[in-house]
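Structure first, then comments.
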Amino acid sequence: WKTLDDMDLNGKRVLVRVDINVPVADGKVTDTTRIDRIVPTVKDILAKGGTPILLAHFDRPKGKVVPEMSLAQIVPALSAALGLDVTFIDGGYGEAVGKLAAGDVALLENLRFNPGEEANDAGFAQRLASLGDVYVNDAFSAAHRAHASTEALAHLLPACAGRLMAEELSALDKALGSPERPVVAVVGGAKVSTKLDLLSNLVEKVDVLVIGGGMANTFLAASGIDVGKSLCEHDLAQTARDIAAKAAEKGCAILLPRDVVVAREFKAGAANETVKTEDCPPDAMILDAGPDSVAHIVQALERAKTLVWNGPLGAFEIEPFNAATNAAAKAAADLTRDGKLISVAGGGDTVAALNAAGAADDFTYVSTAGGAFLEWMEGKTLPGVAALSD
Ligand code: 3PG
């Protein structure tokens with residue numbers, strides 16, 4: 001794929017697919033990360049004499065006009081991040097785009113208000129293409145969707161990756177594509193069932209796979225350990241054993257918790273104790289990994305050159321069951337700061353957990369992607385990225 005450096009943008013109208021699907025409460029953006037991360041691309045296009053016309057979705061209106069899902073509510077935060085007034089275009093696209101002058105930045109209304117967007121409809125893509133001269137995709141986090149603005153449109157105009165897209169792809173390549181070894185993957189989260197493909201792909205690619213969170217319980221139970229009342233997908237015991245067998249065959253070591261923090265109630269501040277994994281009381285739930293487990297993980301990180309992280313190690317949203325996630329995240333951040341580790345993380349929960357631990361800033365790269373990051377970890381080709389390479 002090409003980058004902005006390969007394109008002549010002078011005097012051109014540049015259609016830029018961005019992902020500004022950001023959290024909003026009471027009509028106000030509560031986390032501007034995704035908006036902040038597209039600023040370099042938009043500024044570069046302006047500096048090269050192009051007129052950026054931003055294309056984006058917000059939420060899931062399913063092809064209908066849903067006023068609460070209008071991108072108009074994102075305009076103030078976008079204008080503030082760019083330091084200029086963004087022109088919002090909610091209809092009569094052709095005429096409105098015709099009025100844009102050099103130095104303007106425009107944003108079209110939520111593309112998903114049109115059913116053609118999610119249908120990857122050729123006609124809708126053609127209509128979008130008629131508004132610009134060049135196409136830039138800067139929405140890695142939406143690249144797992146084969147939609148008109150992420151897929152079909154890329155084939156209709158000279159196309160390239162924006163700065164953020166290029167940055168994401170190069171960081172991910174360093175993590176799993178051609179990484180410095182050993183590579184450790186930390187995978188947590190509640191359920192094995194949502195991450196089967198991911199685990200199966202990772203055991204082929206990494207040297208050590210740390211399994212944490214509720215998912216670990218399924219693996220522990222599959223190996224014959226009584227996990228009491230813990231969240232556990234008992235019906236996936238055989239699948240967990242198959243993944244463990246594949247890991248052994250591929251030379252990937254799986255690390256499961258050695259000790260766990262257990263409680264009788266799932267609530268903040270619940271009375272808890274730390275026990276050996278095999279000693280989980282029958283009436284208790286495992287809610288976090290214990291200090292021995294964390295020490296074991298940190299030891300693996302100290303021996304590693306690369307870390308890829310998705311998912312918390314415990315019920316990180318309630319204290320004190322965020323302790324293992326925080327401690328491991330801080331250790332990874334310290335090793336990264338000391339130049340000993342390349343650390344890449346992604347997924348909505350993961351980024352929230354790393355931010356809460358105060359570790360995100362020291363990671364080598366924190367992806368803006370949720371679902372796209374998972375699909376990439378599954379080894380899937382992302383249609384939005386593939387379309388740029390065609
Ligand atoms: C995201 O928030 O992960 C992306 O914007 C994709 O959104 P979607 O899951 O609604 O396609």
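Structure values in brief
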quantity: Pairs with Cβ under 7 Å, 6+ apart, first in region 286-311 and on the phi > 0 side of the Ramachandran plot, second among the charged types (D, E, K, R) and at pLDDT below 95; calculated: GLY311/ASP349
quantity: Answer from ALA185, ALA146, ALA77 - the residue that is at pLDDT 95 or above, in a helix (DSSP H, G or I) and either of a type in the set (Gly, Ala, Ser) or within 16 Å of the ligand (Cβ to nearest atom) (or both); calculated: ALA77
quantity: Residue in region 1-35 that is nearest to the ligand (Cβ to nearest atom), counting only those that are part of a helix (DSSP H, G or I) and touching a strand residue (DSSP E or B) at 6+ places or on another chain (Cβ under 8 Å); calculated: ILE35
quantity: Hits in region 149-160 (condition: within 13 Å of the ligand (Cβ to nearest atom) and surrounded by fewer than 24 Cβ atoms within 10 Å (Cβ to Cβ)); calculated: GLU151
quantity: Residue match in region 360-367 (condition: surrounded by 20 or more Cβ atoms within 10 Å (Cβ to Cβ), out of contact with any Asp or Glu (no Cβ under 8 Å at 6 or more places or on another chain) and among the polar types (S, T, N, Q)); calculated: no
quantity: Counted residues, region 267-309 - those being in a strand (DSSP E or B) and hydrophobic (A, V, I, L, M, F, W, C); calculated: 8
quantity: One residue from PHE266, PHE316 being buried (at least 21 other Cβ atoms within 10 Å of the Cβ), in the same structural domain as ARG337 (by TED's automatic domain parsing), under 30 Å from the mean Cα position of the chain (by Cα) and aromatic (Phe, Trp, Tyr); calculated: PHE316
quantity: Among (1) modelled with pLDDT of 95 or more; (2) under 20 Å from VAL366 (Cα atoms), the one test that GLU317 misses; calculated: (1)
quantity: Residue among GLU168, GLU117 that alone is within 16 Å of the ligand (Cβ to nearest atom), touching a helix residue (DSSP H, G or I) at 6+ places or on another chain (Cβ under 7 Å), over 17 Å from ILE38 (Cα atoms) and among the charged types (D, E, K, R); calculated: GLU117
quantity: Filter pass, GLY290 being surrounded by 14 or more Cβ atoms within 10 Å (Cβ to Cβ) and assigned by TED's automatic domain parsing to the domain that holds ASP207; calculated: yes
quantity: Checking LYS340 against (1) part of a helix (DSSP H, G or I); (2) surrounded by fewer than 24 Cβ atoms within 10 Å (Cβ to Cβ); (3) touching a helix residue (DSSP H, G or I) at 6+ places or on another chain (Cβ under 9 Å), the condition it does not meet; calculated: (1)
quantity: Set VAL16, VAL22, VAL42, VAL65: member being closer than 22 Å to ALA148 by Cα and loosely packed, with under 15 Cβ neighbours inside 10 Å; calculated: VAL65
quantity: Residues satisfying the stated conditions in region 83-111, i.e. aliphatic (A, V, I, L, M) and surrounded by fewer than 19 Cβ atoms within 10 Å (Cβ to Cβ); calculated: LEU84, ALA96, LEU100, ALA101, ALA102
quantity: Extreme residue, farthest from the ligand (Cβ to nearest atom), among residues of region 343-353 that are outside any loop (DSSP other than H, G, I, E, B) and modelled with pLDDT under 95; calculated: ALA353
quantity: Whichever residue in region 354-384 is out of contact with any strand residue (DSSP E or B) (no Cβ under 9 Å at 6 or more places or on another chain) and part of a helix (DSSP H, G or I) and, among such residues, is nearest to the ligand (Cβ to nearest atom); calculated: GLY371
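The values are calculated or read from the model by the stated rules, or taken from the named source; none is laboratory data. Given the structure is predicted, the values throughout are model-derived calculations rather than measurements. Using ideal geometry, Cβ is built from the backbone for each residue, glycine included, and neighbour counts are taken over all protein chains shown.
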